[in-house]
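Novice: Sharing a structure, written as structure tokens. Questions coming.
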Amino acid sequence: MFKFGNPYFLYVLLIIPVLVILFLLSKYLKRKSLKRFGDASLICILMPDVSVARPAVKFFFVLFALASVIFALARPQFGSKLEKVRREGIEIIIALDVSNSMLADDIKPNRLEASKRAISKLIEKLKNDKIGLIIFAGDAYVQLPVTTDFGAAKMFLSTINTNYIAKQGTAIGSAIKLAKESFSQEKNKSRALIIISDGENHEDDAMAAAQEASKENIVIHTIGMGLPQGAPIPVSERITSDYKKDNEGNVVITKLNDVALQQIATTANGIYVRASNSTSGLDKVFDEINKMNKELIESKAYSDYDDRFQYLSALALILLLLDFIILERKNRILNKINLFKSSVFDTFQKNNKS
């Protein structure tokens, strides 16, 4: 397992492209200045010890040395020991509706985006718990298995959109069944399922699935995303000015189905919260989850991390040493070696005579 002990130092790497641009600019200005004194080929003959390539080589040695120092300061570390970590927490799975109706903007900026932002804030509050993500529309799929890696959860969450599932609908029952299978199968574990949906057009038996989940001590909380008056459904996330229409050409209005979500929550000993533009409802759900009994949760994690910045520091020293050894001017001894038995100056004279 690899990580950086001080990752904020990596932002200093942004200075490297700036230095490259400044170096190229200085080379350009230098060439422009030399042209004022005469022909470039003649100037090269008059300054035989001046090297064009060596300053560039020295610059890149310094540049790579700087990058090595920055990475060394960020403290690259490798996990050397995988251990089982025990802590008290709760297993939480969030089932997020990604059907097209979640693009309605009665909850700003739209139902899906508001849900994702609320989930992200919830993840930031978790400490010793496990979290998993399920997405559903006409079908349900596991987006992220139950894990203690909250960073991965936020990463997977950020990629979710309505294009993930082609089959449209709101199969809440399928999402509940999939969540039941995704929880750890150990008994006496505190498990909570949070369903975030507009509750509209659910085609499977969600109530039966909720009853089965309740028998296995899975608490289901539901959050209704949307307002009772409803809103039109944009054609896509990018095209928000054009709306879906029915066969008669009328704009389709999607409305929140309070009743279905309330019944699911009541059946599985949870609560129902209606979201609004001022609150997502996840704070109330989180308070309910905190009241649940915390159980021992086992997870595997790398406990011992060894620093590896020494290698980068050594590389930086070697590069700086090479920069110190290499001179900007050509080596006079090597310059006397003439493999082609004619000097550049002779070639220049012949060209002028011809």
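Novice: Just for the stretch 115-142: of the residues that are in contact (Cβ under 8 Å) with a residue 40 or more places away in the chain, under 18 Å from the mean Cα position of the chain (by Cα) and assigned to a helix (DSSP H, G or I), which one is surrounded by the most Cβ atoms within 10 Å (Cβ to Cβ)?
Specialist: Filtering the stretch 115-142 for residues that are in contact (Cβ under 8 Å) with a residue 40 or more places away in the chain, under 18 Å from the mean Cα position of the chain (by Cα) and assigned to a helix (DSSP H, G or I), the one surrounded by the most Cβ atoms within 10 Å (Cβ to Cβ) comes out as SER115.
Novice: Checking ASN331 against (1) surrounded by 13 or more Cβ atoms within 10 Å (Cβ to Cβ); (2) polar (S, T, N, Q); (3) at pLDDT below 85; (4) under 30 Å from GLU216 (Cβ atoms): exactly one of these is not met. Which one?
Specialist: Single failed check for ASN331: (4).
Novice: What pairs come up if the first residue lies in the stretch 25-44 and is farther than 15 Å from PRO55 by Cα, the second is surrounded by 10 or more Cβ atoms within 10 Å (Cβ to Cβ) and modelled with pLDDT of 75 or more, and their beta carbons are under 8 Å apart, counting only those six or more places apart or on different chains?
Specialist: ALA40/ARG31
Novice: Look at GLY199 and say whether it is crowded, with 16+ Cβ neighbours inside 10 Å, at pLDDT 90 or above, in a loop (DSSP other than H, G, I, E, B) and assigned by TED's automatic domain parsing to the domain that holds GLU113.
Specialist: Details: crowded, with 16+ Cβ neighbours inside 10 Å: yes; at pLDDT 90 or above: no; in a loop (DSSP other than H, G, I, E, B): yes; assigned by TED's automatic domain parsing to the domain that holds GLU113: yes.
Answer is no for this residue.
Novice: Further, regarding this structure: Within the stretch 210-225, is there a residue that is more than 24 Å from PRO145 (Cβ to Cβ) and surrounded by fewer than 21 Cβ atoms within 10 Å (Cβ to Cβ)?
Specialist: There is at least one residue in the stretch 210-225 that is more than 24 Å from PRO145 (Cβ to Cβ) and surrounded by fewer than 21 Cβ atoms within 10 Å (Cβ to Cβ).
Novice: Only one residue in THR159, THR148, THR170 is within 24 Å of the chain's Cα centre (by Cα), of a type outside the set (Gly, Ala, Ser) and surrounded by 15 or more Cβ atoms within 10 Å (Cβ to Cβ), so which one is that? Can you show your working first?
Specialist: Details: THR159 fails: surrounded by 15 or more Cβ atoms within 10 Å (Cβ to Cβ); THR170 fails: within 24 Å of the chain's Cα centre (by Cα).
None of the other options fit; the residue is THR148.
Novice: A further question on this structure: Which one of these is of a type in the set (Asp, Glu), assigned to a loop (DSSP other than H, G, I, E, B) and more than 28 Å from the chain's Cα centre (by Cα): GLU237, GLU248? Step through it out loud before you land on a result.
Specialist: On the way: GLU237 fails: more than 28 Å from the chain's Cα centre (by Cα).
Only one candidate passes the filter, namely GLU248.
Novice: What are the pairs, 6+ residues apart or on separate chains, where a residue within the stretch 245-270 that is in the same structural domain as ALA104 (by TED's automatic domain parsing) has its Cβ under 7 Å from a residue that is acidic (Asp, Glu)?
Specialist: Pairs that qualify, where the first residue is in the same structural domain as ALA104 (by TED's automatic domain parsing) and the partner is acidic (Asp, Glu), are VAL252/ASP246; THR254/ASP198; THR254/GLU200; LYS255/GLU200; LEU256/ASP198; ASN257/ASP198; ASN257/GLU200.
Novice: Does GLU212 satisfy the criteria of being over 22 Å from ASN110 (Cα atoms), acidic (Asp, Glu) and in contact with a strand residue (DSSP E or B) (Cβ under 7 Å, 6 or more places away or on another chain)? Outline the logic, then answer.
Specialist: Working: over 22 Å from ASN110 (Cα atoms): yes; acidic (Asp, Glu): yes; in contact with a strand residue (DSSP E or B) (Cβ under 7 Å, 6 or more places away or on another chain): no.
Here the answer is no, as GLU212 does not meet what is asked.
The values are calculated or read from the model by the stated rules, or taken from the named source; none is laboratory data. Since we're looking at a predicted model, the values are computed, not measured. Positions of Cβ are backbone-derived with ideal geometry, glycine not excepted, and every protein chain shown enters the neighbour counts.
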